[in-house]
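Okay, so here's the structure we're looking at.
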Amino acid sequence: MLTNSSPISVQDELVINWHITEACNFACRYCYAKWEKPDASRELIHDLPRSTQLMGELRTFFATANLTNPLSQKIQWRSTRLNFAGGEPLLYDQQALRTIKVARELGFSVSMITNASRLNTDLIRELAPQLSLLGVSVDSTNATRNRKIGRCDKQGQVLSVNTLAKNIRTGREINPDLRLKINTVVNALNFDEDMTDLIRELDPEKWKVLRMLPTVTNDLNISDAQFSAFIDRHASLPLSIEDNVDMTKSYIMIDPQGRFFQNDADTRGYRYSHPIIDVGAEQAFSQVSLSTDRYLARYRSIAVAK
Ligand code: SF4
């Protein structure tokens, strides 16, 4: 089900977010990547034939020429990008790599959002040629703050920003067209930080700054003034700001079991479709809501068709 009634907008690409796993080696206190019944054995990423079936359904339904897709009444797009997210998708790096290969053979461009803790030289060398965009979540350059936020593994290891910068340089050497996006969740433990030097060094195409969602926890909540101060401090950088009201019903999202899902304001949880490979993408997509206006507000429109 679609909401809103804007004129048709022409987009470079339509983005589908597939959260391939709920598992993560970090434990961010604000993490909202939790699904109904955690069960890794039901995650499709471990089953290449079923993953291929899922991606085939998506490829057909979100094909640019498929006028039976209700989105085509609101949006025209030139290509379709499948974004691998989590949890932490690189916990299953080999499954992700083989699935990405199939996704590209099916005609998707592919991106990934990762906490980058498992990235190393060998992995970025394999990954970079397959990706059009790499998204990395970084909340702080300070190890103590990262540990307090929960951005560390069970051994207390945090992401080294120097290693991250090195891996990104390697990725760009291998794939000069690799776009970089950084995501930062502003919360009570980092709202006063100045991340200018890091962002300048990494030089992302976009730095997405999200305000922590109080639906998950209130203890890291920040005020409007604190969020604004963070934004003002970094105003010279390529910021893309996402307040929590902007986020609902604005992503096309698939859960680890291959179901569309969407934020549900009534239950403050998620609403799920039937599994896409059981009922087909068209029927499953009709079972969740998407706000096309909020979707379009997120992704740049390149022209207004009418
Ligand atoms: S890195 Fe991402 S998926 Fe992992 S705990 Fe943090 S927010 Fe959740």
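The values are calculated or read from the model by the stated rules, or taken from the named source; none is laboratory data. This one's a predicted model, so the numbers in the text were calculated from it and none came from an experiment. Here Cβ is always computed from backbone atoms with ideal geometry, including for glycine, and neighbour counts include all displayed protein chains. To get the accessible areas, we keep the full protein, side chains included, count just its heavy atoms, and leave off ligands, DNA and RNA. Shrake-Rupley method; radii C 1.70, N 1.55, O 1.52, S 1.80 Å.
For region 71-108, the tally of residues that are part of a strand (DSSP E or B) and either more than 16 Å from the ligand (Cβ to nearest atom) or within 16 Å of residue 129 (Cβ to Cβ) (or both) stands at 9.
Contact map, region 47-73: first residue without any contact (Cβ under 8 Å) to a residue 60 or more places away in the chain and within 21 Å of residue 292 (Cα to Cα), second residue open to solvent by less than 80 Å² (accessible area, probe 1.4 Å) and assigned to a loop (DSSP other than H, G, I, E, B), Cβ cut-off under 9 Å, separation 6 or more or different chains; pairs are 59/107; 59/108; 63/69; 63/107; 72/8; 72/64; 72/66.
Any chance you could count how many residues in region 92-112 are under 18 Å from residue 164 (Cα atoms) and surrounded by 21 or more Cβ atoms within 10 Å (Cβ to Cβ)? Break it down into steps so the answer makes sense when it comes.
Within region 92-112, the subset under 18 Å from residue 164 (Cα atoms) is 93, 111-112.
Applying the additional criterion that residues be surrounded by 21 or more Cβ atoms within 10 Å (Cβ to Cβ) yields 111-112.
Adding up the residues that qualify gives 2.
Taking (1) outside any strand (DSSP E or B); (2) among the hydrophobic types (A, V, I, L, M, F, W, C); (3) open to solvent by less than 20 Å² (accessible area, probe 1.4 Å) in turn, residue 209 satisfies each apart from (1). When residue 180 is tested against (1) within 15 Å of the ligand (Cβ to nearest atom); (2) part of a strand (DSSP E or B), exactly one condition is not met: (1). Residues of region 47-86 that are among the basic types (Lys, Arg) and open to solvent by 50 Å² or more (accessible area, probe 1.4 Å): 50, 59, 78. Residue count for region 158-191 satisfying the condition of being over 15 Å from residue 112 (Cβ atoms), open to solvent by less than 20 Å² (accessible area, probe 1.4 Å) and aliphatic (A, V, I, L, M): 2. Pairing residues of region 127-141 that are more than 25 Å from residue 105 (Cα to Cα) with residues that are open to solvent by 10 Å² or more (accessible area, probe 1.4 Å) and more than 16 Å from the ligand (Cβ to nearest atom), at Cβ distances under 6 Å and at least 6 apart in sequence or on separate chains, gives 140/193; 141/198. The residue that is most open to solvent (accessible area, probe 1.4 Å), among those in region 240-268 that are of a type outside the set (D, E, K, R), over 21 Å from residue 293 (Cα atoms) and at pLDDT 70 or above, is 257. Do we find a residue being under 26 Å from residue 282 (Cα atoms) and among the basic types (Lys, Arg) anywhere in region 43-66? The answer is yes, given that some residue of region 43-66 is under 26 Å from residue 282 (Cα atoms) and among the basic types (Lys, Arg). Pairs meeting the criteria (first residue in region 103-124 and closer than 21 Å to residue 173 by Cβ, second residue assigned to a strand (DSSP E or B) and open to solvent by 40 Å² or more (accessible area, probe 1.4 Å), beta carbons under 6 Å, at least 6 apart or on different chains) are 109/79.
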